[in-house]
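The next block holds one structure in the form of structure tokens; read it before the comments.
The values are calculated or read from the model by the stated rules, or taken from the named source; none is laboratory data. All of these numbers come straight from a predicted model, not from anything done at the bench. In this analysis, Cβ positions are derived from the backbone assuming ideal geometry, glycine residues included, and neighbour counts consider all displayed protein chains. The protein model used for the area step is the full one, side chains on, heavy atoms only, and it has no ligands, DNA or RNA in it. Shrake-Rupley method; radii C 1.70, N 1.55, O 1.52, S 1.80 Å.
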Amino acid sequence: MSYLLRFPEFKAKAVTFSYDDGSTNDRRLVKIFNDHGLKATFNLNSGRIRTGDEWSVCEDELLDLYRGHEIAVHGVEHLVGTHVPPEIYLNDILEDRKYFESLTGKIVNGMAYPCGCYNDNVVNMARCCGIKYARTTVSTGNFAVSHDRLRLPATCHHDDPRLFELADKFLPYVARDQVWDGSPYLFYVWGHSHEFANKNNWDRIEKFADVICGKPDVWYATNGEIFDYVEAFERLEWSVDRSTIFNPSATDVFLHLDGRDVLVPAGKTWKK
């Protein structure tokens, strides 16, 4: 038996971005993403936003600026979980969630660890705060879909010298040709928008956006959309003889089963 995750509409590839800190440079970055049909998750520090820090985006612009993207947690004060008492770190996460949930009217349960620092205790604290996925600063240099959602690595940082080489490997992949065993590909890029301003290399992300955008076989999604979908795939329930699959989630799930594409609709049962 062979079964493989497929993204919506049986796409075997997905692209997502994760950007931290919420500096005013996000305005230019969001425009680049919007102009190219790309989607990103922005991990924000509510402390800076609420105090009107001129380095950060403004509270009044958040809903319009990040419309179509995802707002996620990065700590009220950007505290490093391995360096502060647990009760302080827990509060830093929860208050960030509460602020952005109140602002957006949505459940906010994604996160990037400040400075990429985490250990088992930090992961457990994130879980206790209702965080469903959390990104690290680890770069794999590959396109594997991680199932350890509270220790997520990325493919690479946007300044990684392999960025365009990786794009050249990612784009030609065709699942039906069984390249690399047919497994799904996720190109996951992270960084900080202020790095483009500091290094005066906005052309790098503009060029990458040009290269990666508009591909009909690629799903462009936020981090939360990606990992909610992966969770729905993992929740599929199978009969012992493999003839029946039940999807208990509210999400249609697409998979490649024994050489053919199978759709298991939300809340429905598929029979062979």
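Name the residue that is surrounded by the fewest Cβ atoms within 10 Å (Cβ to Cβ), counting only residues in the stretch 220-248 that are aromatic (Phe, Trp, Tyr) and within 19 Å of ALA266 (Cα to Cα). Outline the logic, then answer.
The initial filter retains those residues of the stretch 220-248 that are aromatic (Phe, Trp, Tyr), namely 220, 227, 229, 233, 238, 246.
With within 19 Å of ALA266 (Cα to Cα) added as a condition, the list becomes 227, 229, 233, 238, 246.
On the way: PHE227: 24, TYR229: 23, PHE233: 22, TRP238: 12, PHE246: 16.
If we take residues in the stretch 220-248 being aromatic (Phe, Trp, Tyr) and within 19 Å of ALA266 (Cα to Cα), then TRP238 is surrounded by the fewest Cβ atoms within 10 Å (Cβ to Cβ).
Restricting to the stretch 146-166, name every residue that is outside any strand (DSSP E or B) and crowded, with 17+ Cβ neighbours inside 10 Å.
Going through the stretch 146-166, the residues outside any strand (DSSP E or B) turn out to be 146-151, 155, 158-166.
SER146, ARG149, LEU150, ARG151, THR155, HIS158, ASP160, LEU163, LEU166, listed by residue number.
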If a residue must be open to solvent by 20 Å² or more (accessible area, probe 1.4 Å), in a helix (DSSP H, G or I), of a type outside the set (A, V, I, L, M, F, W, C) and without any contact (Cβ under 8 Å) to a residue 40 or more places away in the chain, how many such residues does the stretch 97-117 contain? 4
Filtering the stretch 75-96 down to residues that are β-branched (Val, Ile, Thr), open to solvent by less than 50 Å² (accessible area, probe 1.4 Å) and part of a helix (DSSP H, G or I) yields ILE93
Inspect the stretch 170-182 for any residue being loosely packed, with under 15 Cβ neighbours inside 10 Å, modelled with pLDDT under 95 and touching a helix residue (DSSP H, G or I) at 6+ places or on another chain (Cβ under 9 Å) and give the result as yes or no. yes
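Select from the stretch 186-205 the residues that are charged (D, E, K, R) and either more than 20 Å from the chain's Cα centre (by Cα) or at pLDDT below 95 (or both) and list them in ascending order. Before you say what the answer is, go through the steps one by one.
The first filter runs over the stretch 186-205 and keeps only residues charged (D, E, K, R), leaving 195, 199, 203-204.
Within the stretch 186-205, LYS199, ASP203, ARG204 qualify.
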Could you list, in sequence order, the residues of the stretch 118-139 that are of a type outside the set (Ser, Thr, Tyr), part of a loop (DSSP other than H, G, I, E, B) and either over 16 Å from ARG97 (Cβ atoms) or open to solvent by 50 Å² or more (accessible area, probe 1.4 Å) (or both)? ASN119, LYS132
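TRP270: in a strand (DSSP E or B), modelled with pLDDT of 95 or more and more than 26 Å from ALA72 (Cβ to Cβ), yes or no?
Numbers: in a strand (DSSP E or B): yes; modelled with pLDDT of 95 or more: yes; more than 26 Å from ALA72 (Cβ to Cβ): yes.
Spelling it out, TRP270 is indeed in a strand (DSSP E or B), modelled with pLDDT of 95 or more and more than 26 Å from ALA72 (Cβ to Cβ).
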For the stretch 51-60, state whether one or more residues are part of a helix (DSSP H, G or I) and touching a Cys at 6+ places or on another chain (Cβ under 7 Å). no
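Condition check ((1) of a type in the set (S, T, N, Q); (2) open to solvent by 10 Å² or more (accessible area, probe 1.4 Å); (3) within 24 Å of ASP92 (Cα to Cα)) across all residues:
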site	(1), (2), (3)
PHE17	no, no, yes
THR24	yes, yes, yes
ARG28	no, yes, no
PHE42	no, no, yes
SER46	yes, no, yes
GLU54	no, yes, yes
LEU62	no, no, yes
ARG67	no, yes, no
ILE71	no, yes, yes
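Any residue in the stretch 210-218 that is under 22 Å from ASN25 (Cα atoms), of a type outside the set (D, E, K, R) and open to solvent by less than 40 Å² (accessible area, probe 1.4 Å)? Working first, answer last.
As a first pass, look at the stretch 210-218 and keep what is under 22 Å from ASN25 (Cα atoms): 210-213.
From what is left, the residues that are of a type outside the set (D, E, K, R) are 211-213.
Next cut, open to solvent by less than 40 Å² (accessible area, probe 1.4 Å) only: 212-213.
Yes, there is a match, as at least one residue in the stretch 210-218 is under 22 Å from ASN25 (Cα atoms), of a type outside the set (D, E, K, R) and open to solvent by less than 40 Å² (accessible area, probe 1.4 Å).
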